[in-house]
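Student: Structure incoming, see below.
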Amino acid sequence: MEDGVHSPPMEAAAGAGPDPVLVLSCFSYNQDCTSLAVGTKTGYRLFSLSSVDQLDQVHESNEIPDVYIVERLFSSSLVVVVSHAKPRQMNVYHFKKGTEICNYSYSCNILSIRLNRQRLIVCLEESIYIHNIKDMKLLKTILETPPNTTGLCALSINHSNSYLAYPGSSTTGEMVLYDGNNLRPVCTVPAHDGPLAAITFNSTGSKLASASEKGTVIRVFSVPDGQKLYEFRRGMKRYVNISSLVFSMDSQFLCASSNTETVHIFKLEHTTDSRPEEPPTWSGYMGKMFMAATNYLPAQVSDMMNQDRAFATVRLNISGQRNICTLSTIQKLPRLLVTTSDGHLYIYNLDPQDGGECVLIKKHSLLGSGTVDENKENDLRPPLPQSYAATVARQSVMPSSSTRPGYSEDGGALRGEVIPEHEFATGPVCLDDENEFPPIILCRGGQSGKVKKS
């Protein structure tokens, strides 16, 4: 999966329907689907997704109105917010401290933000900005990208590769694959005939799925070579707007939701390689004849016959509302989660063996006046050893040497590795979350940054 599942920015509907103040303006799952962030007319809220029966709100902020982008970095205290009041400004907060880490302004409205433990991506209509998330230094600006009015892009949550994908054309379904760590293009994938509507990585960044604006066919490609691995047919009768596309964390399933009432779950398996030899029955004989006949049919017809159908489905009680879905393991069982723009979270059981119709087991309201327990997430995890980030955060005086200890996944700071002073912005703020991994240093205590095209 990519860095979480997101809804495109949207305006609250006026007139009929729910009170616009109580409608979600945006919603997104974090990178490992353990948290849900929602934006409203009055601010934003963060929820923990660790239980089926209980929805724990871990934070609520009403300081920024009209939020249309809110993204949380895994289960850390780092949250990125963009408001309609200042659509060109990105604000990065440490929500447990209640402090702003930094903010950056851009030349045009911000359409989407993606992040992992290594990179923070800001997508504008015709440019993409790549920041180093540890100090918010701007590493690369990709200019003159094809017009991308929805801010469609995907970032691998695997920070060891940090692959980035975005549309390579506004008229065809071409995808550009970009190496976010080494800051260079990798390849271009001709995924669909029509413009792209959804793209997403699996959790390791080894697969990339896509859907076009027609929404009838979903394809999966290998990364980094861009070879087609799977092709799934979502439907044939009507075109739909795909609103979310997401892999399960184990990459066994791929889920797609749209503006219709049906959510489709596909299973990634090559049945031709593992299927046992069929007995010599009439149906088995006809099946082989049918598959052989596809070799002599027009390409479009044979492709349709070879496309796999949904392994499991969900029939939502609502239709036409914007929604996003994700596949997650909650209390040791696979679940399908669907969040809708009217402020509800639906949790379904998924049968990983037989598939079929998923069963609704719980419905939560995201707009209630529930209590906030910011320690709830920590209570659900076993205690961790004292982290280096927490130790550094308690220092009252910053080190005066020309270098500061470096931060790396394998404990480089404890081995005495160093990062040159110029790699950090002045006055770093340390996130002291002991459950945060890796520790993150961000910059600039009260100053705002300007990012302009050059």
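Student: What spacing in nm lies between the two simple spin-label points modelled at residue 144 and residue 360, each 7 Å away from Cα in the Cβ direction?
Tutor: Between residue 144 and residue 360, the label points sit 5.1 nm apart.
Student: Here's another thing I want to ask about it. May I ask you to compute the full-extension gain from residue 239 to residue 132, defined as 0.36 nm times their residue separation minus their alpha-carbon distance, rounded to one decimal in nm? Walk me through the numbers on the way to the answer.
Tutor: Working: separation 107, 0.36 × 107 = 38.52 nm, distance 3.90 nm.
Length gained, residue 239 through residue 132: 34.6 nm.
Student: Rounded to the nearest 0.05, what FRET efficiency do residue 193 and residue 330 give with R0 = 45 Å and r taken as the Cβ-Cβ distance? Could you check?
Tutor: That pair, residue 193 with residue 330, gives E of 0.75.
Student: To continue, here is another question. At 1.4 Å probe size, with every protein chain present, just tell me what the per residue accessible area of segment 63-140 comes to in Å². Spell out each step's value before the answer.
Tutor: Working: 2200 Å² over 78 residues.
Heavy-atom SASA per residue in segment 63-140 reads 28 Å².
Student: Among 82, 50, 67, which residue has its Cα furthest toward the positive end of the charge dipole of segment 49-120, with +1 on Lys/Arg Cβ and -1 on Asp/Glu Cβ?
Tutor: 82
Student: Calculate the dipole size of segment 168-232 relative to its Cα centre from +1 charges on Lys and Arg beta carbons and -1 charges on Asp and Glu beta carbons; express the result in debye to the nearest 20.
Tutor: The calculation lands at about 100 debye.
The values are calculated or read from the model by the stated rules, or taken from the named source; none is laboratory data. Everything numeric in this text was worked out from a predicted model, so none of it was measured. Neighbour counts are summed over all protein chains in view; Cβ atoms, including those assigned to glycine, are modelled from backbone coordinates with ideal geometry. We work out accessible area using only protein heavy atoms, side chains counted, and drop any ligands, DNA or RNA first. Shrake-Rupley method; radii C 1.70, N 1.55, O 1.52, S 1.80 Å.
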